[in-house]
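Laboratory data are not the source of any read-out in this text; all were calculated from the coordinates shown. Computed from a predicted model, the values in this text were never measured in an experiment. A quick note on method: Cβ atoms are made from the backbone with ideal geometry, for glycine too, and the neighbour counts reach across all protein chains shown.
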Amino acid sequence: MIEELIVTIGFDLGGTKMHAAAVDAQGNVLYSERQKTEASGGADAVIERMVGLVARLRQEIGPRGSHISALCVGVPGAVDSERGVVDKAPNLGWDNVPLGPRLTSALGIPVFLDNDVRVAVIGEHVYGVGKGARTMIGIFVGTGIGGGVIVGGHTHHGGRGVAGEIGHMTLVPHGPRCSCGRRGCVEALCSRTAMERDVRKLIKQGWDSKVLKLMRKEGRDDLTSSVIERALDDNDDVMRKVVKDAQYHLGLTVASLANVLDPEVVVIGGGVTERLGERFVAPIREHAYKHFLVQRDREKVHIVATELKDRAAPLGAAHIARERLAGRLDSAPGARHGTASWPVPSA
Ligand SMILES: [Zn+2]
C-alpha cells in the first residue's frame, strides 16, 4: 500500500483505562475511543477487549479501516519488544504475557510493543512540545514515575532495551521505600503515591488539613490529581508543603539529567501535570535551573508541561507503528528493537 494512505493504531493500555486512536500519515486522529481496562478480569479478557476496541476503530473509520496496517501498544511496565512479550506490568497484574503474538493472530496485522511512557515521550517529540528536538527528556508523574530519553532524535533504548527509568534514580540513599524495593528513588519521593503517604504522615503528626475530607467527598480513598488541585486552591498547608517537596526533588532530578544530557526540551507529564499545568511545572523549572552546572543560556533548556496530555501515548504509539512498519526505526545504530520476530501474516 502507498505509505501516505496507511493508517496505524496507537494503543495506550493503562491499568484503569485503555485509549486507542486510528491515525493517518499526517498525524490526524481519524477516530479514537477510551474504554475501561477491567484488568481484574485477567489477561485473556483484557486482550479480548483490546481486539474488540480495534474492531470498533476499523468500523468507525469506514473504508479507511482496510488501510489499518499496524498497531503499537504502550504498556505500563517492562516489555520485551523483540519477542512481543509483556515481562511485567504490575498495574495490570501481568507476568510474561505474549501480548504481541496474541494480538497479531487475532488482528492479522503487525503489532509492536513499547513502554507507555516511552511511547508518550515520542508523541510529544513528534506532535507536541518536543517537535524538532534532538535531545529530549520526559518525566511522567502519576501513581509512579515514568521516564523516557530521546537522543539524536530517537528514543534511547540502551543495550538491554530498558533505558529511561528516571523514576528509579536514587535521590536520597536512606529515603522512603520505593515500589521497586529500594529506598529514596525519585518515585518514592515525588509520585502521587509518595505525596499521599506524606500527606497522611503529616496529618498523623497533628497538622491541620482538609485533604482527607476532600478525598471522601470524591468517594475515593486515594489522593487523586483533582483532590491535589482542590486542596491547593484551598491553600491547604499540608498539600502545599507536600507538593513543594515533590517539586524540589523533581527539580533536582531534571537538573541532574540536564547536566548529563543537555537537552533542548524536558517535558513533564502524567495526571498531576495534566491537571495543574504550569502551576506544577514552574517551581520544578526554578529549582532545576538553580542546579544547572553551566548557567549560560539555561533558558534554552525548555522545561515545560505536556501539551498533548492523554493523547500523547496513542499518538506516539501510532507513530512508532508507522516507523517500524516502514523499517525506519531499524536503521538507527544499535536499535534492534524494531522488528517483530514472531510470525506476522503478510498484509
Ligand atoms: Zn525505585
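The table that follows gives values for the structure above.
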| item | result |
| --- | --- |
| Principal axis dimensions, the chain - Cα atoms, whole angstrom, descending | 64, 49, 34 |
| Estimated dipole of region 124-235 in Debye, rounded to 20 [Cβ of Lys and Arg +1, of Asp and Glu -1, Cα centre] | 280 debye |
| Computed helical MRE - 222 nm, the chain, DSSP H runs ≥ 4 contributing -39500 (n - 2.57), nearest 500 | -11500 deg cm²/dmol |
| Net lengthening on full extension, residue 183/residue 234 (0.36 nm per residue, minus Cα-Cα) | 15.1 nm |
| Other-chain or far-sequence residues with amide H under 5 Å of residue 68's (modelled H) | 7 |
| Loop sites in region 145-250: trypsin sites (Lys or Arg not before Pro), DSSP, at most 12 other Cβ within 10 Å | 160, 220 |
| Residue 296 paired with residue 151, simple spin-label distance in nm, labels 7 Å along Cα-to-beta-carbon | 2.3 nm |
| The chain: relative contact order as a whole-number percent, Cα under 8 Å and 6+ apart | 21 percent |
| Residue order, fewest to most surrounding Cβ atoms within 10 angstrom, among 232, 57 | 232, 57 |
| Difference of contour (0.36 nm per residue) and Cα-Cα distance, residue 45 to residue 245 | 68.0 nm |
| Region 126-182 and region 21-59: distance between their alpha carbon centers, rounded to Å | 26 Å |
| Reduced Cα scattering model of region 1-157, Debye log10 I(q)/I(0), q = 0.13, 0.14, 0.18, 0.20 Å⁻¹ | -0.60, -0.70, -1.17, -1.39 |
| Between region 62-91 and region 272-297, the alpha-carbon center distance in angstrom | 33 Å |
| Near-label residues of region 142-178 by backbone N, under 18 Å of a point 7 Å along Cα→Cβ of residue 17 | 142-144 |
| Label point distance in nm, residue 264-residue 170, each placed 7 Å from Cα along Cα→Cβ | 3.5 nm |
